[in-house]
Amino acid sequence: MGTITGYAALQAGAALEPFTFERRPVGSNDVRIQISYCGVCHSDIHQARDEWGGAIFPMVPGHEIVGTVVNVGADVKKFHEGETVGVGCFVDSCRSCLSCTKGLEQYCEAGMILTYNGLDKNGQPTYGGYSSHIVVNELYLLKVPQPLAPEGVAPLLCAGITTYSPLRQWGVGKGHRLGVVGLGGLGHMAVKFGKAFGAEVTVFSRSDTKRSEAERLGATDFAATSQEGTFSRLARQFDFIIDTVSGVHDYNAYLDLLKTDGTYIVVGAPSEPISIGAFPLILRRRRMVGSLIGGIRETQEMLDFCGEQGITSDVEVIKIQQINEAYERVLRGDVRFRFVIDMESLSAAG
Ligand code: NAP
Ligand code: ZN
Ligand code: ZN
């Protein structure tokens, strides 16, 4: 259904550049969306540089999508033209395995179909949100609560649900001390949700530069990990720690900050295997768990919660032409706290 414009990495590690491609026609259960905003997730960088392996090129990244419905298929029931909608990290799954039937499509036994860097059911590569339009089956679409600013909603579709889901799963709330490691896109949402759920939040950041912003986001304590004495000061203080770090670092030092029976939640996805000593786990019956984004049902629940609480992501809106510079700034930790691309810039000159 027509040619789409977007930005793509033509090969691993290449700078992103303008790219045109085709999307499938709108099927009877499909919705065609004009994309307004797309967040820039660190996973976009990992994949555009093929740091996790197996990437498909050309790659049009982007899985934090907000847009307007411009066309619906004949059998679409839940969405109508003109509505503001969201698309997250996947656009389809088998719909019949145990995970899918439980609303945990992200753990689909056949593998979820990623919004980009995946293969669709028709065998064609999927292309993501750094583009003008996308076509998605209505089962994989989210409703965006009206009062929220759409650019601040876009990052909720990945950074938001990735932190909301495990904090809910493990019952983080009142009376708990929560540590958030890394104050980037995921980290700043973990602070907001931790606070909204009633926990007392401490931010762990490499330097002191994000201290006042951490407090503004709702943290009650801030720990610069480069500062001597940080780890001994906070030993065995935490019920939960959520680790959002994108690069290789020492998990053992943080494990020692957990109380007996404390839970370490890994959501950051460095490309290298992580090394864990057995003793930090054994000695205090601590557990280490992972978590991957969230299913459609829970993502809608998270968006509705954000609508009620007035929670959005803190964003810096950029033009698509600034995307390569934005990637460099994300790698330097120089973002407060998520870049979001204004997709109208696609049609601008330059
Ligand atoms: P981001 O905005 O770059 O934030 C990561 C933060 O980690 C940085 O701001 C920095 O915080 C800290 N950091 C970076 N490198 C570090 C290092 N080598 N050592 C210690 N701290 C470091 O990235 P993001 O978009 O939030 O994504 C974070 C990670 O989560 C990525 O690996 C991404 O692929 C992954 N992810 C996982 C899921 C999932 O479902 N599990 C979903 C989305 C993303 P400070 O400056 O405060 O130190
Ligand atoms: Zn993401
Ligand atoms: Zn499935």
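The values are calculated or read from the model by the stated rules, or taken from the named source; none is laboratory data. Fair warning: this is a prediction, and the values are worked out from it, not measured in the lab. Neighbour counts run over all protein chains shown; Cβ positions are idealised from the backbone, glycine included. Just the protein is used for accessible areas: all its heavy atoms, side chains included, with ligands, DNA and RNA removed. Shrake-Rupley method; radii C 1.70, N 1.55, O 1.52, S 1.80 Å.
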Just the number, please: carbon plus sulfur as a percent of the accessible area of the stretch 183-299, 1.4 Å probe, no ligands or DNA/RNA counted. 49 percent
Using alpha carbon centers only, the stretch 315-336 is separated from the stretch 53-90 by a whole-angstrom value of 22 Å
Assigned charges on the beta-carbon of Lys, Arg, Asp, Glu; the chain dipole about Cα centre (debye): 920 debye
How much length would be gained if the chain were fully extended between residue 96 and residue 332, taking 0.36 nm per residue of separation minus their Cα-Cα distance, in nm to one decimal? 80.8 nm
Mind checking which lysines have their Cα closer than 26 Å to the Cα of residue 121? Skip sequence neighbours fewer than 8 apart in that chain. 77, 78, 102, 143
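To the nearest 0.05, what FRET efficiency results for residue 20 and residue 269 with a Förster distance of 30 Å applied to their C-beta separation?
Using R0 = 30 Å, I get an efficiency of 0.50.
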Whole-angstrom Cα spans of the stretch 93-191 along principal axes, big to small: 49, 34, 27
With +1 at each Lys and Arg Cβ and -1 at each Asp and Glu Cβ, the charge dipole magnitude of the stretch 45-167 around its Cα centre, to the nearest 20 debye, comes out at 200 debye
Once the principal axes of the Cα atoms of the stretch 42-122 are found, what is the range along each, listed largest first in whole angstroms? 39, 30, 23
Run lengths n ≥ 4 of DSSP H only: what is the helix-derived mean residue ellipticity at 222 nm for the chain, with -39500 (n - 2.57) per run over all residues, to the nearest 500? -6000 deg cm²/dmol
Under a 5 Å amide H to amide H cut-off, with H placed in plane at 1.01 Å, what residues pair with residue 176 once short-range neighbours are removed? 200
Grab the beta carbon distance between residue 317 and residue 68, set R0 = 25 Å, and tell me the FRET efficiency rounded to 0.05. 0.90
Could you pull out the GluC sites (Glu not before Pro) across the stretch 185-266 that fall in loop regions by DSSP (anything but H, G, I, E, B) with no more than 12 other Cβ atoms inside 10 Å? 228
Mind checking which lysines have their C-alpha under 21 Å from residue 195, skipping anything on the same chain fewer than 8 residues away? 174, 210, 259
How far is the Cα center of the stretch 107-149 from the Cα center of the stretch 219-267, in Å? 34 Å
Two-decimal ratio, the chain, of alpha-carbon radius of gyration to 2.2 N^0.38 Å: 0.98
What are the residues whose amide H is under 5 Å from the amide H of residue 126, where those residues sit 5 or more places off or on another chain and H is modelled from the backbone? 117, 118, 119, 120
Select from 29, 115, 149 the residue farthest towards the positive end of the dipole of the stretch 10-167; place +1 on Cβ of Lys and Arg, -1 on Cβ of Asp and Glu, and compute about the Cα centre. 29
Measure off 7 Å from each Cα along the Cα-to-Cβ vector at residue 206 and residue 230, then give the distance between these two points in nanometres to one decimal. 1.1 nm
For the stretch 1-146, count the residues as N, evaluate 2.2 N^0.38 Å, and divide the Cα radius of gyration by that value, please. 1.00
Could you identify which residue out of 283, 141, 303 has the top mean-square fluctuation in a GNM of the chain using Cα springs shorter than 10 Å? 283
Semi-axis lengths, Å, the stretch 288-350, gyration tensor of Cα atoms, sqrt of 5 times eigenvalues: 28, 17, 12
